[in-house]
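Values in this text are rule-based calculations from the coordinates and carry no lab data. Given the structure is predicted, the values throughout are model-derived calculations rather than measurements. FYI the Cβ positions are ideal-geometry reconstructions off the backbone, even for glycines, and counts take in every protein chain you see.
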Amino acid sequence: MGEKTAAIELKNITKTFGQVVANKNISLTVNRGEILSILGENGSGKTTLMNIISGIYFPDSGQVFINGEEAVIVSPKDAFDYKIGMIHQHFKLVDVFTATENIVLGFKEEGKFNLKQSAKRVHEISEQYGFELDPMKKVYEMSVSEKQMVEIIKVLYRGADILILDEPTAVLTPQETRNLFSILRRMRDDGKAIIIITHKLHEVLELSDRVAVLRKGEYIGTVETAKTNESELTEMMVGQKVSLNIERSEPKDPQDRLVVTGVNCINRDGVKILNDVSFTARSGEILGIAGIAGSGQRELLESIAGLQHLESGEIIYHDPKTGAVENLRDKTPVQIRELGVRLSFVPEDRLGMGLVGNMDITDNMMLRSYRKGKTAFLERKEPKTLAEHIVEQLDVSTPSVATPVRRLSGGNVQKVLVGREIASSPTVLMAAYPVRGLDINSSYLIYNLLNQQKENGVAVIFVGEDLDVLLELCDRIMVIGSGNVTGIVDGRTATKEEIGLLMTKTAGGEERE
């Protein structure tokens, strides 16, 4: 390996937003012919830094050098002139256009526009790096990973040789991830500089040549991937040693708690989102639910909680307190909650979902505990102790429990959401994406809280995105593909590949195109 040449060099980059210092004196280098992972927890300044390189923000101070020359990048167009292309998490594609039309959209080429010529060029780029993409396919017919390919080819088509990818594997199956990684390696071998923003440690170790770590807006250091490991990287990210162990215990005396049979659900547009779903959730066990985003996970949990209208099927609940057997389909959401079946859903829009932004933490606790209040003057003492207990146990960073929830960071709002459900001592706890956007410490706190619930005999249903975590945490894992249950596997013996294959299957076993 000869001496690497720097594609981008950042010197003392600082960027503030009001009182918040997003990047503080960051200096780092990305070389040609390498994949650099930028690792850091939410709020560590990764995205701000990439937005500076791609011309969306301009730094308050500091310099950017491209190929050794100082560069002034004040707009995405400037970044393009320096051959920098950013692939965002949310794709900006026109649904009714083909791949090629999307790729050339807004790009001025010499001479007359020639779609055939462009499609040929798209095909050549695909061949060169191993993309499997039909240049004439319409976007609305594509899978998520194909759309991502269109976004990547779009920047290559414009001549980018420095590529930035923001959380590129968040929406991919393990097989699609592997495919993306082999494409990125080919680009690297072709001399391109590739930056990946991520927080998935095992992917960082598998793909990158070097890892740069940011923590709370500061640059901690860059290490060679071959010479590091998960615990060292975590320590750099968090600033202290973190135990990355989920203590999975054997289920004790599991009893059937929820028996779901033949559930069918059609959404407002008449599309079937759950097709003949059947499974059992048992007490003292964590049942994981895996699937590509939007495969029906949300609707399934909402139908158990009484928030979705079902076409057919039954949801039978065995009440541990009374021994009674109830069909939850006959009940209202409030009755279902009172039976002890709790849903904690952490959506993208955390405040839209069951927390009131202007109310403080104590009041938000009361929303749940006092739906059946007898008088207008509610007893505030109990929710306040509950709020203080959650703040302490989950380490919610807030000046006090009287702080309005909208002033907390997303991650802290989330701890309040999950903590609130646990505090109600449920018999069935459904937690969907409870660690989305949380730092590693908090994530492991929540995994261990779910384990405590399981040990207390609660039936825990956990919907997660990270297959590594599902395999470490869950006793059984049910996979949903396009509204169908495609398989239920043992969390202790299943592999990521096995789950990945089930994620792309539909009912009847054919592969999803």
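One table, with the values for the structure above:
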read-out: Sequence-distant residues sharing a close amide H with residue 274 (under 5 Å, placed H); value: 265
read-out: Globularity ratio of region 1-93, using Cα Rg and 2.2 N^0.38 Å; value: 1.09
read-out: Percent RCO, i.e. relative contact order, over region 257-339, from Cα pairs under 8 Å lying at least 6 residues apart; value: 32
read-out: Computed over region 240-291: relative contact order in percent, which uses C-alpha pairs under 8 Å that are six or more apart; value: 36
read-out: Cα-Cα over 21 Å, subset of 200/227; 24/77; 112/154; value: 24/77
read-out: Volume per residue that the Cα convex hull of region 6-238 spans, once the total is divided by residue count, Å³; value: 122
read-out: Relative contact order [Cα under 8 Å, 6+ residues apart], region 9-90, whole percent; value: 30
read-out: DSSP-assigned coil residues among GluC sites (Glu not before Pro) in region 299-338, each with at most 13 further Cβ atoms within 10 Å; value: 311
read-out: Those trypsin sites (Lys or Arg not before Pro) in region 180-244 that DSSP places in a loop and that have at most 12 other beta carbons within 10 Å; value: 241
